[in-house]
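S.K.: Quick one: this structure, given as structure tokens, is what I'll be asking you about.
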Amino acid sequence: MVQSTAKLITVDEFIARYGDSDNCELIDGELIGMEATGLHEQVSAFIGRKLNVQIDRQGVSYFIPHRCLIKLLGTNTAFRPDLIVLDEARLVNEPLWQQEPIITSGNSIKLIAEVVSTNWQNDYARKVEDYAMLGVPEYWIVDYLGIGGREYIGKPKQPTVTICTLVEDEYQKQLFQNNDQLISSIFPNLQLTAKQVFASGSTVVM
């Protein structure tokens, strides 16, 4: 992601002008362009497909919307996650959902996954803080290119899935690489390795 304008706008202005767009989000009033590649979209779609299978198997009222904004109340920030799992039963308490696909409460969210691109600083730092404050129970940082800072993914840098699990008001982080099997508190029966996720972002047919 890159900053596309220096002019600050309010979150309401952002929703009115860019709410239907998939290529930007708002952080502290700054419009941030989202530069997703085809491989980035492959990874997002692969994870979504695997999680939808688990949703069906668990028989829970979760779903993955095609488009969704997270509006942080009291701020000029609206995130547009790469993948979000919502609890349909909780949406009755969302004041904006009937008119627009906008979430304001962490109680409506079961899981968020961000697929890392050029904005890795936001994914590893800013969003970790904000998603924890919002009360999102599980947050995946899917760094299929291994481009995050060494303080986040280790040295030597390599493709890594970081799963952040909310404990009280802070995230406990676990890193998954190579053939490590992902461990999810939301989807405990998930059978998926980090390597399978990374392979979905490759142009090489496995």
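The values are calculated or read from the model by the stated rules, or taken from the named source; none is laboratory data. Keep in mind that this is a model prediction, so the values were computed, not measured. Cβ sites come from the backbone with ideal geometry, for glycine too, and all protein chains shown count toward neighbours.
S.K.: Considering the range 54-95 alone, what residues qualify as being over 25 Å from THR10 (Cβ atoms), out of contact with any helix residue (DSSP H, G or I) (no Cβ under 8 Å at 6 or more places or on another chain) and either surrounded by 13 or more Cβ atoms within 10 Å (Cβ to Cβ) or touching a residue at least 12 places away in the same chain (Cβ under 8 Å) (or both)?
M.R.: Correct list: GLN54, ILE55, ARG57, GLN58, VAL60, GLU88, ALA89.
S.K.: Take the residues of the range 22-32 that are surrounded by 15 or more Cβ atoms within 10 Å (Cβ to Cβ) and of a type in the set (D, E, K, R): which is farthest from PHE79 (Cα to Cα)?
M.R.: This residue is GLU30.
S.K.: Still on this structure: Going residue by residue through the range 3-21, is there one that turns out to be under 15 Å from the mean Cα position of the chain (by Cα) and either surrounded by fewer than 19 Cβ atoms within 10 Å (Cβ to Cβ) or β-branched (Val, Ile, Thr) (or both)? Outline the logic, then answer.
M.R.: Step one: of the range 3-21, the residues under 15 Å from the mean Cα position of the chain (by Cα) are none.
Taking every residue of the range 3-21 in turn, none turns out to be under 15 Å from the mean Cα position of the chain (by Cα) and either surrounded by fewer than 19 Cβ atoms within 10 Å (Cβ to Cβ) or β-branched (Val, Ile, Thr) (or both).
S.K.: Do you know which residues across the range 146-196 are touching a strand residue (DSSP E or B) at 6+ places or on another chain (Cβ under 6 Å), of a type in the set (Val, Ile, Thr) and outside any loop (DSSP other than H, G, I, E, B)?
M.R.: Within the range 146-196, ILE153, THR160, VAL161, THR162, ILE163, THR165, THR193 qualify.
S.K.: Which of the residues that make up the range 40-53 are surrounded by fewer than 16 Cβ atoms within 10 Å (Cβ to Cβ) and at pLDDT below 95?
M.R.: Within the range 40-53, GLU41 is the sole residue that qualifies.
S.K.: Looking only at the range 105-138, which residues are basic (Lys, Arg) and crowded, with 19+ Cβ neighbours inside 10 Å?
M.R.: Within the range 105-138, LYS110, LYS127 meet the criteria.
S.K.: Which pairs turn up if I take residues in the range 20-49 that are touching a residue at least 40 places away in the same chain (Cβ under 8 Å) and look for partners that are in a strand (DSSP E or B) and of a type in the set (Phe, Trp, Tyr) with beta carbon separation below 7 Å, at least 6 apart in sequence or on another chain?
M.R.: Listed pairs, sorted by first residue: GLU25/PHE79.
S.K.: Being farther than 18 Å from ILE153 by Cβ, acidic (Asp, Glu) and at pLDDT below 95 narrows it down to one of GLU100, GLU94, GLU88, GLU138, so name that one.
M.R.: GLU100
S.K.: Output the residues belonging to the range 74-113 that are within 21 Å of GLY29 (Cβ to Cβ) and in contact with a strand residue (DSSP E or B) (Cβ under 6 Å, 6 or more places away or on another chain).
M.R.: THR77, ALA78, PHE79, ARG80, PRO81, LEU96, ILE102, ILE103, THR104
S.K.: Which of the residues spanning the range 6-50 are among the β-branched types (Val, Ile, Thr), in a helix (DSSP H, G or I) and under 19 Å from ILE112 (Cα atoms)? Explain how you work it out, then say what you get.
M.R.: Within the range 6-50, the subset among the β-branched types (Val, Ile, Thr) is 9-11, 15, 27, 32, 37, 43, 47.
Narrowing further to those that are in a helix (DSSP H, G or I): 11, 15, 43, 47.
Residues satisfying the conditions are VAL43, ILE47.
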